[in-house]
Amino acid sequence: MPFIPHTEEDIQSMLEAIGTASIENLFDEIPPALRAGKLGQMPEALNEMAIGRLMQERAEQDGRYLNFIGAGAYEHHVPAAVWQIAGRGEFYSAYTPYQAEASQGTLQLLYEFQTMMASLTGMDVSNASLYDGASALAEAVLMAVRAHKTSRRILVPACVHPIWRQVAEALVKNQGIELVTVPYCTGGGDTVAESLKHFEGGDFAALVIQQPNFFGVLEEVDELTNWAHSQNMLVIGAVNPVALGLLKAPGQWGGKGADIAVGEGQPLGAPLSSGGPYFGFLCCKQALARQIPGRVVGRTVDLDGKPGFCLTLQAREQHIRRAKATSNICTNQGLMATTAAIHLSLLGQSGLERVASACHANASLLVEQACLIAGVERIFSEPFFHEAVLTFDMPVADVLRAMEAQGILGGLDLTPYYPELGNALLVCATETKTAEDIRKFTENLERILSRHNSGPACTRLKPTATSKW
Amino acid sequence: MLIFELSRPGRKNPSQAPAPQPEASGIPAHLRRADKPLLPEVSEMDAVRHYTRLSQKNFSIDTHFYPLGSCTMKYNPRGAHQMAMLPQFLARHPLAPETTGQGVLACLYELQEMLKDVTGMAGVSLTPMAGAQGEFAGVAMIRAYHVARGDTARTEMLVPDAAHGTNPASAVMCGYTIKEIPTDHDGNVDLAALRAAVGPQTAGLMLTNPSTLGVFEQNIQEMQKIVHEAGGLLYYDGANLNAILGRVKPGDMGFDVIHVNLHKTFSTPHGGGGPGSGPVGVSERLLPFLPVPIIAHEDGRYRLVTEQGLPQSIGHLSAFMGNTGILLRAYAYARMLGGEGMRRVADFATLNANYLMAELKKAGFDIAFPQRRASHEFIVTLKGLKEQTGINAMDVAKRLLDKGFHAPTTYFPMLVPECLLIEPTETESKQTLDAFVAALKEVLEEAHANPELVKGAPHTMPVRRLDDVKAARELDLVWKAPAA
Ligand SMILES: Cc1ncc(COP(=O)(O)O)c(C=O)c1O
């Protein structure tokens, strides 16, 4: 019996102790009409060797590609120690640390995690993780609405991750909260004062600023933050934690700093893994601490005055406040916060900064090289971090298909998300890419495009205004 | 010692960082960070030693019996972990074309189909990232269903008072007001109160079964009728499905939507707080509203169905495909059990719970519902002990830690005073259960003979009892470097 240790003798003596003749009798309170037949769709049991082989075959079927897709999930080196430690049974198979004295390992680690995230984002407080970046944005929206008190409308630029916007919408709309879209600047690819003017004097609870934004472009965060604060709005900064090795922390944006910082924690030690598990982080200013959703760990003392850690501010949470809780979240992404804390400890300040710089350098090299190819342009003029939008004179889907055949995933086709951009590709290069990888990308791109164009020759002049690279 | 206290300025780990770059010239100075974030500067060995030592301060399933009620702390097979961590699975980008993910999608699709079978539902979406998000998805679908029919008067969700806190909190996130339904003295939902509560304002009922009191709702068919006749839909909180796997199917009982906690019933790890996974299953009438993506299998190919294919969907609940790696673990586990093994889980989870209940009764503990069978769990109430000795449920829980056992769930459900909610799971042997009974008996004796010993517990943990009032009053949530 897989994972059931009982011997025949155990079963008999247990039934005797209960005072019943069979296990079947233990189900006698279930109304007979409800008792189900067999599980008809369930296959036969496999042992570990057999299922291991099946999954190995399926993994090999999927293979490995040279990946240039980013768009919210980024390939980074994960030190071997990260998962060897996070995979220890003591972390892996523990529950939420309800019994603090028997969970000091998890609790101290989460306190360290909170410290690292608060410092990275320049905020006072962090929670112990949410599900992912997209749902963290939704929680930040709910928090801003609670804090603002009068408005239930939030300004969200169109250059915030499109799926995050959909997730936030799905999670908050039933509470009568409206997400109002701010158009992006078609030249710069960022959010600009002109588009915000239109919303001046309107009653909004918050402005969301994603840095870098979905296009990889860097926003003028100081200007945007000051504008929002002048309009009595809160500022929600949606940030990439690796980029924060180099970029100004939300807490330092503008005169007063953003009020809430959220993001996708995946770049801190979580493998891409087809989409999860990752984790969301949410940090905020002290004034909002009691509005924060999810678990929070605090430092306190024990009976002897010795420092120790426990879950705190529980009066906000569903198990105490039920219908009045700040969020419904219970289980979060604890093990991923664990990996993030270990990951950040192994990198340290200088390591994180180096990773960020290498990402930026590689993406810059890729864009520079790609833009030398006839028919390739970078469409936005504002500076970027480790991702950029390139346009072609042929459908992106065709380019990507041809690249896939060469073992390369060339980026994300933006056509379904931003059809107005034409044949636009979002491409990313992190520190994991070598100069050779980038050459492979550009050589293939050039070959694919030139084959496409090898009908009537058409030489195009490249506009200089947009091609900084 | 915190990792920050081990830190020394200038200590670096060059083997974990790329080569230094020339100035990042493309990033304007005013957008750059001027300060240094507070990240530890330690050697690789320092970090490994620090976190390994921290891990040793935890109780876990791999180290201790962990009978935490409503949490199903069963063994998490190591094989499932290894299979989900195959390098190709880990390397795959969530937005990579479906052509590059037929292997992983095959696993997910088959899991989706197996969950349909287990729940008796017409469709399943794997995307919710934990039980509470599954609840949100379920209630949002109920709302979308009513709204699609133009039935906008249904503003109220019925929730039994024994329900998990996430139930009312999730319904509120969907814009509903909550009406609580009381429990009767047998631990069932009070039928008369339910009848009195339903009406044209009723959007639905969120029922947990087996309930958090550890018993099967005996009037479930009647409840189903009452709510459906009033025009409401039925939500099944299937967070705790361990005792009914292959025994009853919520779909057969007329339920419209269910969520399942894979991090309980399907043995995926809890990771010290998560990640979990809370797939939702629905009946025919809610199929159009399922959260996306879901996985389809057509002409021998697997593909993701998104809002284009399911225009009435309640939408995306995560940026990509939920907690895929957790789904892979659940898949491997389900394949190792097979249909027979699933049913056996219910048999032995129930056997263990009833055996433990019987033994504790013999040992002098008060069972909250002694007239009932235990499902996968049951409740001991220490109200009598507290009256006699002043020792409460928390004291007993802490003393159990000293005896090498993780404590059961305490003070939940709130309706039973001084309660211990005990869930042994099927993966524990009779010998472990006997040792646990012996430990609880010892604590009971100590409570009478030496109450101070129990009040002061734990004595053998890395810390003694912590002051959680101080923690909440004098918030210390992040470490600050002492002023130089
Ligand atoms: C009965 C019940 N419902 C819902 C939940 C919530 O699940 P999760 O913690 O995965 O959000 C739990 C577990 O915590 C539970 O026991």
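The values are calculated or read from the model by the stated rules, or taken from the named source; none is laboratory data. Computed from a predicted model, the values in this text were never measured in an experiment. All Cβ positions, glycine included, derive from the backbone under ideal geometry; neighbour counts span all protein chains shown. Accessible surface areas use protein heavy atoms only, side chains included; no ligands, DNA or RNA. Shrake-Rupley method; radii C 1.70, N 1.55, O 1.52, S 1.80 Å.
Tabulated data for the structure shown
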read-out: Computed label-point distance, nm, for sites A:N25 and A:D203 using a 7 Å Cα→Cβ extension; value: 6.8 nm
read-out: Given 11 as the ceiling on other Cβ atoms within 10 Å, longest exposed-site-free region of chain A for GluC sites (Glu not before Pro) in DSSP loops; value: A:201-469
read-out: Value of Rg to Rh for the protein assembly as shown (Rh from inverse mean 1/r over Cα pairs, i.e. Kirkwood); value: 0.97
read-out: C-alpha center-to-center spacing [the range A:24-44, the range B:100-140] in angstrom; value: 22 Å
read-out: Lys/Arg +1, Asp/Glu -1 at C-beta; the protein assembly as shown dipole; positive extreme among B:P370, A:V262, A:A325; value: A:V262
read-out: Three-way shape label, the range B:24-105, alpha-carbon gyration tensor, a/c 1.5; value: oblate
read-out: Sequence of B:K264, B:K361 when ordered by accessible area, the most exposed leading, probe 1.4 angstrom; value: B:K361, B:K264
read-out: Separation of the B:M45 and A:A193 label points, Cα + 7 Å toward Cβ, nm; value: 5.7 nm
read-out: Residues of the range B:263-289 buried by at least 40 Å² on assembly (accessible area, 1.4 Å probe, chain alone as reference); value: B:G271, B:G272, B:G273, B:P275
read-out: Stokes-Einstein translational diffusion, the range B:344-470 - Kirkwood Rh over all Cα pairs, 0.692 mPa s, 37 °C, in µm²/s; value: 220 µm²/s
read-out: Sequence-distant residues sharing a close amide H with A:W253 (under 5 Å, placed H); value: A:A258
read-out: Cα-only Debye scattering, the range A:191-315: base-10 log of I(q)/I(0) at q = 0.13, 0.15 Å⁻¹; value: -0.66, -0.82
read-out: Spatial separation of Cα centroids for the range A:239-291 and the range B:230-284, in angstrom; value: 32 Å
read-out: Projected label distance in nm at A:A374 and A:E60, using a 7 Å step from Cα toward the beta-carbon; value: 4.4 nm
read-out: Helix-only [θ]222 nm of chain A, DSSP H runs n ≥ 4, -39500 (n - 2.57) each, per residue, nearest 500; value: -11000 deg cm²/dmol
read-out: Residue-by-residue Karplus 3J(HN,Hα) for the range A:44-59, coefficients 6.51, -1.76, 1.60, Hz, glycine and proline x; value: 4, 5, 10, 7, 4, 5, 5, 6, x, 5, 4, 6, 4, 5, 5, 5
read-out: Distant-in-sequence amide H partners of A:C330 (H built 1.01 Å from N, under 5 Å); value: B:A132
read-out: Charge dipole (the range A:352-463, unit charges on Cβ, about Cα centre) - positive-most of A:N453, A:A397, A:L414; value: A:N453
read-out: Dimensionless Rg ratio for chain A, taking C-alpha atoms and the 2.2 N^0.38 Å reference; value: 1.14
read-out: Accessible carbon and sulfur surface of the protein assembly as shown relative to its total accessible area, %, 1.4 Å; value: 52 percent
read-out: Estimated vicinal HN-Hα couplings, Hz - the range A:329-345 in sequence order (Karplus 6.51, -1.76, 1.60; Gly, Pro = x); value: 5, 10, 4, 10, 10, x, 5, 6, 5, 4, 5, 5, 5, 5, 4, 5, 5
read-out: Rule-of-thumb Rg ratio for the range B:183-301 [Cα; 2.2 N^0.38 Å; N residues]; value: 1.19
read-out: Computed magnitude of the charge dipole of the range A:350-452 (debye, nearest 20; Cβ of K, R +1, Cβ of D, E -1); value: 220 debye
read-out: Sequence-separation-based contact order of chain A, relative, with Cα cut under 8 Å and 6+ spacing, percent; value: 19 percent
read-out: Coordinate range along principal axes, alpha carbons of the range A:350-452, Å, largest first; value: 44, 28, 22
read-out: Largest-first principal axis extents, alpha carbons of the range B:141-192, Å; value: 39, 23, 14
read-out: Nearest-20 debye value, chain B charge dipole, Cβ charges on Lys, Arg, Asp, Glu; value: 1060 debye
read-out: Accessible area in the full protein assembly, largest first, 1.4 Å probe, for A:R378, B:R32; value: B:R32, A:R378
read-out: Test item: Cα-centred dipole of the protein assembly as shown, Lys/Arg +1 and Asp/Glu -1 on Cβ, debye; value: 1180 debye
read-out: 10 Å Cβ neighbours from other chains, averaged over peptide B:28-35; value: 6
read-out: Dipole of the range A:80-343 [Lys/Arg +1, Asp/Glu -1 at C-beta], most positive-end residue of A:F215, A:G275, A:T96; value: A:T96
read-out: Per-bin percent of Cα-Cα distances, the range A:260-338 [10 Å]; value: 16, 38, 34, 11, 1
read-out: Helix-only mean residue ellipticity at 222 nm for chain B, each DSSP H run of n ≥ 4 adding -39500 (n - 2.57), per residue, nearest 500; value: -11000 deg cm²/dmol
read-out: Where B meets A: accessible area buried, both sides, 1.4 Å probe, Å²; value: 16800 Å²
read-out: When chain B is reduced to its Cα atoms, the Kirkwood hydrodynamic radius in Å; value: 24.9 Å
read-out: Accessible area expressed per residue, the range B:80-337, with surrounding protein chains retained (probe 1.4 Å, Å²); value: 24 Å²
read-out: Residues listed by number, the range B:381-411, amide nitrogen under 20 Å from B:K362 label point at 7 Å toward C-beta; value: B:381
read-out: Interface residues, the range A:81-100 - accessible area loss of 40 Å² or more versus chain alone, probe 1.4 Å; value: A:W83, A:I85, A:R88, A:E90, A:F91, A:Y92, A:S93, A:A94, A:Y95, A:Q99
read-out: Zone residues, the range A:400-417, relative to A:R447, backbone N less than 18 Å from point 7 Å out along Cα-to-Cβ; value: A:400-411
read-out: Phi to ³J(HN,Hα) by Karplus 6.51 cos²θ - 1.76 cosθ + 1.60 over the range B:66-80, Hz, x for Gly, Pro; value: 9, x, 6, x, 6, 10, 6, 7, 8, 4, 9, x, 5, x, 4
read-out: Accessible area per residue in Å² at 1.4 Å probe, computed on the range A:80-343; value: 24 Å²
read-out: Nonlocal amide H pairs with B:D62, under 5 Å, H built at 1.01 Å; value: A:S93
read-out: Accessible surface, per residue, of the range B:344-470 when the full set of protein chains is kept, probe 1.4 Å, Å²; value: 34 Å²
read-out: Tail fraction, Cα-Cα pairs, the range B:80-337, threshold 35 Å, whole percent; value: 14 percent
read-out: Residues of the range A:207-256 buried by at least 50 Å² on assembly (accessible area, 1.4 Å probe, chain alone as reference); value: A:L246, A:K248
read-out: Bins of 10 Å from zero: percent of alpha-carbon pairs in the range B:34-186; value: 8, 19, 27, 26, 16, 5, 0
read-out: Compactness of the range A:80-343, expressed as Rg and Dmax over alpha-carbon positions, Å; value: 18.3, 63
